[in-house]
Every structure is written in structure tokens, then in C-alpha cells.
Amino acid sequence: MAARGKNNPYYRTREQLADDVYNVLNSDKLSLGAKHAVIFETTWLWTEIEGKYTGCQYWSKKACAHLHESETIKAKILRHDHVVPRNYIVKRFLYGDMMNSEEVYSFLKTNLVGCILLKSEDDYLNEIGYQRKMPSKWNFGDNIWSRYTEAEIDVCEIIWEKKKGSVLENT
């Protein structure tokens with residue numbers, strides 16, 4: 001899903017996305033399928049709110065070698081991954097204990113994190129059974145990076161200069 005710019009009439013802030021999830025979960029007029037659709041879309045929008053590649057805060061160290069490639073090249077060799085797979089987030093909301101609006105925001109902020117990987121790293125996660133799964137004993141509240149740790153994928157944090165879309169700092 002392409003990021004929606006702030007001038008797009010459908011753009012929502014992270015706070016608005018969290019409020020939408022809270023309101024959808026508390027609606028008795030929406031079907032389970034409608035609730036799933038809203039939460040599922042939120043999982044994409046949340047992690048790409050600053051951009052799918054440029055703007056994403058976390059990159060694997062191997063992917064960092066491609067920070068300055070064009071968006072077309074990035075789309076061929078990189079993958080925007082959800083550190084906690086989206087299906088875990090969706091199921092937690094649909095089948096877990098209810099949360100108040102502040103808890104929804106905090107939960108999303110803590111668990112819904114994007115990370116840019118090389119396609120080969122994404123393929124490796126799939127090979128070892130972690131493309132859409134967390135380690136078997138993992139629970140919310142545990143280290144969200146555990147599947148990357150087990151796959152030996154090292155991650156760095158990128159601090160972007162907002163106005164230029166360029167790297168300000170790479171830690």
C-alpha cells in the first residue's frame with residue numbers, strides 16, 4: 001500500500017489511526033470482517049506513515065547499503081517488513097482483551113514497527129519459518145525483535161532529515 005501524503009484527504013495521523021481501531025473494535029454495528037479490514041489496513045498505514053522505504057526508522061544493516069537508491073530500485077531489492085507480523089496484531093485486537101483508546105495507541109506504537117530488509121533476508125525469514133510467525137514461546141510484551149535475533153539479522157536505526165528525506169544519522 002502506498003503511503004498517503006499529508007495532503008491526501010484520506011491521510012490519518014497515528015493518533016487518528018489508533019482512534020479508528022478503538023472505535024471499530026467498540027462498534028456493535030460492524031461485522032468481524034469489517035473490523036478485520038480496518039485493522040489490517042491500519043497495520044500497513046501505521047508503519048509506512050513516514051514512507052515505505054525513505055522515512056522508515058529501522059533498516060537491517062545489510063539493507064542500509066541501499067539507503068540512497070531510487071525508489072524503483074528499492075522496490076526490487078528491499079522489503080518493508082513488520083517486525084511483529086500483521087496477523088498477530090490483527091488477532092490480538094479481534095480476540096484479545098479490550099483496550100481503552102490510550103492502550104490501543106500504546107499497543108500499536110510498541111508492537112507495530114516497520115523494518116526494511118533485503119529481499120534475501122525476507123526470504124531467509126520465510127525459509128526458517130518466521131516470515132509470518134514469531135518464535136513459538138513469544139508473547140506480547142516480549143522482545144519484538146526476537147525473530148530477527150534468531151535469524152541473525154542486525155538492525156540499525158535511521159534518523160531522517162524530514163525536509164529533505166535524507167539520512168541525518170545512522171546508528
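The values are calculated or read from the model by the stated rules, or taken from the named source; none is laboratory data. Just so it is clear, the model here is predicted, and its values are computed rather than measured. No Cβ is skipped: glycine too gets one built from the backbone with ideal geometry, and neighbour counts run over all protein chains shown.
Quick notes on this one:
- Qualifying residue in region 96-112 (condition: surrounded by 17 or more Cβ atoms within 10 Å (Cβ to Cβ), of a type outside the set (Lys, Arg) and over 25 Å from SER27 (Cβ atoms)): no
- Only residues that are in contact with a Gly (Cβ under 9 Å, 6 or more places away or on another chain) and either under 23 Å from THR110 (Cβ atoms) or surrounded by fewer than 15 Cβ atoms within 10 Å (Cβ to Cβ) (or both) were counted in region 51-70, giving 6.
- Of the residues making up region 41-50, those that are in contact with a helix residue (DSSP H, G or I) (Cβ under 8 Å, 6 or more places away or on another chain) and either of a type in the set (Ser, Thr, Tyr) or surrounded by fewer than 14 Cβ atoms within 10 Å (Cβ to Cβ) (or both) are THR42, THR43.
- Cβ-Cβ under 8 Å pairs, at least 6 apart or on other chains, region 19-34 side without any contact (Cβ under 8 Å) to a residue 24 or more places away in the chain and surrounded by fewer than 17 Cβ atoms within 10 Å (Cβ to Cβ), far side in a loop (DSSP other than H, G, I, E, B) and not β-branched (Val, Ile, Thr): none
- Considering region 137-170, and only residues there that are among the basic types (Lys, Arg) and surrounded by fewer than 12 Cβ atoms within 10 Å (Cβ to Cβ), the residue that is modelled with the lowest pLDDT turns out to be LYS164.
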